[in-house]
Amino acid sequence: MRLASCLAILLLVGGSQPTPGADLFVDNALGDDVRDGRTSMTAGRFSGPVHSLTRGLALAQPGDRIVMSNTGEPYRESVTLFGGRNSGRDSRPFVIEGNGATLDGSLPVPPKAWEHFAGEVFRFRPERLAFGQLFLDGRPAVRRYHAANSGRLPQLDPREWCLAGGWMYFRVEPDQLPVQYPLSYAALTVGITLYEVHDAVVQDLVVQGFQLDGVNAHDSARDCALVGLVARGNGRAGIAVGGASSVRLESCLVGDNGDAQVLTDGVSVTSIEDCKLLANTAPPIVRRAGRIFVDGRAFTTEEAAK
C-alpha cells in the first residue's frame with residue numbers, strides 16, 4: 001500500500017501512466033555480483049540475483065526497482081544513489097524495496113583495541129572520531145553524554161559507555177573484561193546517501209549502526225520518499241536532509257540515534273507524515289535550517305528549540 005501511494009502521487013504530478021521499468025534482485029545469501037540481477041532465482045553462472053546492494057545500484061537504470069531479499073543476515077555496506085541512473089522516469093519512481101531487510105554499518109570491536117583506563121573502565125579509539133555508537137549484543141548500549149567543558153568523564157554504571165575526546169569508554173562489571181561482552185561499534189560512515197537524484201523511493205528497510213547518519217539526503221535529492229524505514233542506532237542522526245533536497249518521510253520509526261532522530265539543514269524541505277520519532281536518546285527533530293512539515297503543519301523554530 002505504501003508503494004502504491006507513492007506511485008499514485010507521482011502519477012498525479014506526471015499525468016501519464018507509468019512506463020514499465022526492470023526489477024533487479026539482490027540476495028546477500030544466494031546472490032553473486034557476477035550475475036545480472038534480472039531474476040530472483042539462480043539460472044546458470046551469470047543469471048540470478050546479485051549479492052550486494054552496491055552492485056544492484058550499479059546495474060540499475062532510471063525507473064528500475066531493486067528488490068532486496070530479507071535473508072535474516074544484515075547487508076553490511078554503505079551505498080549512494082546518484083544522478084539520473086538512480087532516479088525515476090516517466091512518472092515511475094526509482095525504488096529500493098527492502099522487504100524488512102537490514103542495512104548495518106557496525107563491526108565488532110577488535111579485542112586488541114581495548115586499553116585499561118581506570119578502575120572498571122576501558123576505552124578504545126575508533127577510526128572516525130566525531131560521532132559514534134556502541135552496541136551491546138546487537139543493540140545500542142546505554143550511553144552517558146560527556147560535557148565537553150567538564151574536564152572529566154560522566155559517572156558510568158556497568159555496561160554503560162560514553163564518547164569523549166575521540167575515545168569510546170565502557171565500564172565492565174566486576175571481574176570482567178571488554179572482550180567478554182559482544183560489543184560492536186558504528187564503523188561505516190552513512191547507510192544510504194541521496195545525491196542529485198529525483199523521484200526515488202526507499203522503503204521497508206532497517207538502517208542501523210552507521211557512524212554518521214542512517215540516511216543522508218546530502219543535496220539536490222528532489223521529490224524523494226523514505227517509506228516505512230526504521231533508522232536506529234546511528235552516531236549522529238537516523239535521517240538527515242540537507243542542501244536543496246526535498247524529502248518525504250512516511251510511516252518511519254526513528255530512535256536510538258546519537259544527536260538527532262531527524263536532522264535538517266540548508267534550504268531543504270522535509271515532510272514528515274505518520275512517523276514515530278522517539279525522544280529516547282536525542283531530540284526527535286533538530287532543525288539547523290530548512291523547512292519542516294509534520295503531518296501537514298509547519299514545524300516552527302520554537303518547537304525545534306524544545
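The values are calculated or read from the model by the stated rules, or taken from the named source; none is laboratory data. Because the structure is predicted, anything quoted here is derived from the model rather than measured. We place every Cβ from the backbone using ideal geometry, glycine too, and count neighbours over all the protein chains shown.
Could you list all residues from the stretch 255-269 that are free of Cβ contacts under 8 Å to residues at least 40 places away in the same chain and under 27 Å from Phe135 (Cα atoms)?
First pass over the stretch 255-269, keeping only residues free of Cβ contacts under 8 Å to residues at least 40 places away in the same chain: 255, 260-262, 264-265, 267, 269.
Correct list: Gly255, Ala260, Gln261, Val262, Thr264.
Kindly provide the set of residues from the stretch 142-180 that are crowded, with 16+ Cβ neighbours inside 10 Å and either among the acidic types (Asp, Glu) or closer than 15 Å to Pro110 by Cα (or both), ordered by number.
Glu160, Trp167, Met168, Tyr169, Phe170, Pro178
Looking at Phe131, Phe210, which one is outside any strand (DSSP E or B), modelled with pLDDT of 95 or more and either aromatic (Phe, Trp, Tyr) or surrounded by 18 or more Cβ atoms within 10 Å (Cβ to Cβ) (or both)? It would help to see each step written out before you state the result.
Details: Phe131 fails: modelled with pLDDT of 95 or more.
Exactly one residue qualifies, and that residue is Phe210.
Out of Glu173, Glu160, report the one residue that is in the same structural domain as Phe131 (by TED's automatic domain parsing) and touching a Pro at 6+ places or on another chain (Cβ under 6 Å). I'd like the intermediate steps shown before the answer.
Working: Glu160 fails: touching a Pro at 6+ places or on another chain (Cβ under 6 Å).
Residue meeting the stated conditions: Glu173.
Can you find a residue in the stretch 200-208 that is more than 12 Å from the chain's Cα centre (by Cα) and either outside the structural domain of Glu77 (by TED's automatic domain parsing) or at negative phi (or both)?
Yes, there is a match, as at least one residue in the stretch 200-208 is more than 12 Å from the chain's Cα centre (by Cα) and either outside the structural domain of Glu77 (by TED's automatic domain parsing) or at negative phi (or both).
Just for the stretch 54-92: of the residues that are modelled with pLDDT under 95 and assigned to a helix (DSSP H, G or I), which one is surrounded by the fewest Cβ atoms within 10 Å (Cβ to Cβ)?
Selected residue: Gly84.
For residues that are farther than 14 Å from Leu205 by Cβ and not in a strand (DSSP E or B), scanning just the stretch 247-271, find the one that is farthest from the chain's Cα centre (by Cα).
We begin by selecting, within the stretch 247-271, every residue farther than 14 Å from Leu205 by Cβ; these are 247-248, 255-271.
When the remaining residues are screened for being not in a strand (DSSP E or B), the result is 256-259, 265-268.
Details: Asp256: 12, Asn257: 10, Gly258: 13, Asp259: 14, Asp265: 17, Gly266: 20, Val267: 21, Ser268: 18 Å.
Checking each candidate, the answer is Val267.
For residues that are more than 23 Å from Gly214 (Cβ to Cβ) and either at pLDDT 95 or above or hydrophobic (A, V, I, L, M, F, W, C) (or both), tally how many sit in the stretch 134-159. First the steps, then the outcome.
Taking the stretch 134-159 as the starting set, the residues that turn out to be more than 23 Å from Gly214 (Cβ to Cβ) are 147-159.
Now drop any that are not either at pLDDT 95 or above or hydrophobic (A, V, I, L, M, F, W, C) (or both), which leaves 147-148, 153, 156-159.
Counting residues in the stretch 134-159 that are more than 23 Å from Gly214 (Cβ to Cβ) and either at pLDDT 95 or above or hydrophobic (A, V, I, L, M, F, W, C) (or both) gives 7.
Would you say Arg139 is of a type in the set (Lys, Arg), under 22 Å from the mean Cα position of the chain (by Cα) and surrounded by fewer than 16 Cβ atoms within 10 Å (Cβ to Cβ)? Lay out the reasoning, then the answer.
On the way: of a type in the set (Lys, Arg): yes; under 22 Å from the mean Cα position of the chain (by Cα): yes; surrounded by fewer than 16 Cβ atoms within 10 Å (Cβ to Cβ): yes.
The answer is yes for Arg139.
Report, by residue number, each residue of the stretch 98-128 that is assigned to a loop (DSSP other than H, G, I, E, B) and touching a helix residue (DSSP H, G or I) at 6+ places or on another chain (Cβ under 6 Å).
Just the residues of the stretch 98-128 that are assigned to a loop (DSSP other than H, G, I, E, B), to begin with: 105, 109-110, 114, 119-120, 125-128.
Hit for the stretch 98-128 is Trp114, nothing else.
Which residue, of Ala225, Ala240, Ala244, Ala217, is among the hydrophobic types (A, V, I, L, M, F, W, C), in a strand (DSSP E or B) and either surrounded by fewer than 24 Cβ atoms within 10 Å (Cβ to Cβ) or out of contact with any Leu (no Cβ under 6 Å at 6 or more places or on another chain) (or both)?
Values: Ala240 fails: either surrounded by fewer than 24 Cβ atoms within 10 Å (Cβ to Cβ) or out of contact with any Leu (no Cβ under 6 Å at 6 or more places or on another chain) (or both); Ala244 fails: in a strand (DSSP E or B); Ala217 fails: either surrounded by fewer than 24 Cβ atoms within 10 Å (Cβ to Cβ) or out of contact with any Leu (no Cβ under 6 Å at 6 or more places or on another chain) (or both).
None of the other options fit; the residue is Ala225.
Restricting the search to the stretch 168-192, which residues are assigned to a strand (DSSP E or B) and either more than 24 Å from Leu212 (Cα to Cα) or out of contact with any Phe, Trp or Tyr (no Cβ under 8 Å at 6 or more places or on another chain) (or both)?
Of all residues in the stretch 168-192, those assigned to a strand (DSSP E or B) come to 168-171, 183-186, 190-192.
Answer for the stretch 168-192, where residues must be assigned to a strand (DSSP E or B) and either more than 24 Å from Leu212 (Cα to Cα) or out of contact with any Phe, Trp or Tyr (no Cβ under 8 Å at 6 or more places or on another chain) (or both): just Ile192.
Looking at Gly88, Gly83, which one is among the small types (Gly, Ala, Ser) and on the phi > 0 side of the Ramachandran plot? Reasoning before the result, please.
Values: Gly88 fails: on the phi > 0 side of the Ramachandran plot.
When all the criteria are applied, what remains is Gly83.
Among the residues of the stretch 279-287, is there at least one that is at positive phi and modelled with pLDDT of 95 or more? Let's see the steps before the verdict.
If we filter the stretch 279-287 for residues that are at positive phi, which is where we start, we get none.
No: zero hits.
With the structure loaded, tell me whether Val95 is touching an Asp or Glu at 6+ places or on another chain (Cβ under 9 Å), part of a strand (DSSP E or B) and surrounded by fewer than 21 Cβ atoms within 10 Å (Cβ to Cβ) or whether it fails that test. Quick ask: steps written out before the conclusion?
Working: touching an Asp or Glu at 6+ places or on another chain (Cβ under 9 Å): yes; part of a strand (DSSP E or B): yes; surrounded by fewer than 21 Cβ atoms within 10 Å (Cβ to Cβ): no.
Here the answer is no, as Val95 does not meet what is asked.
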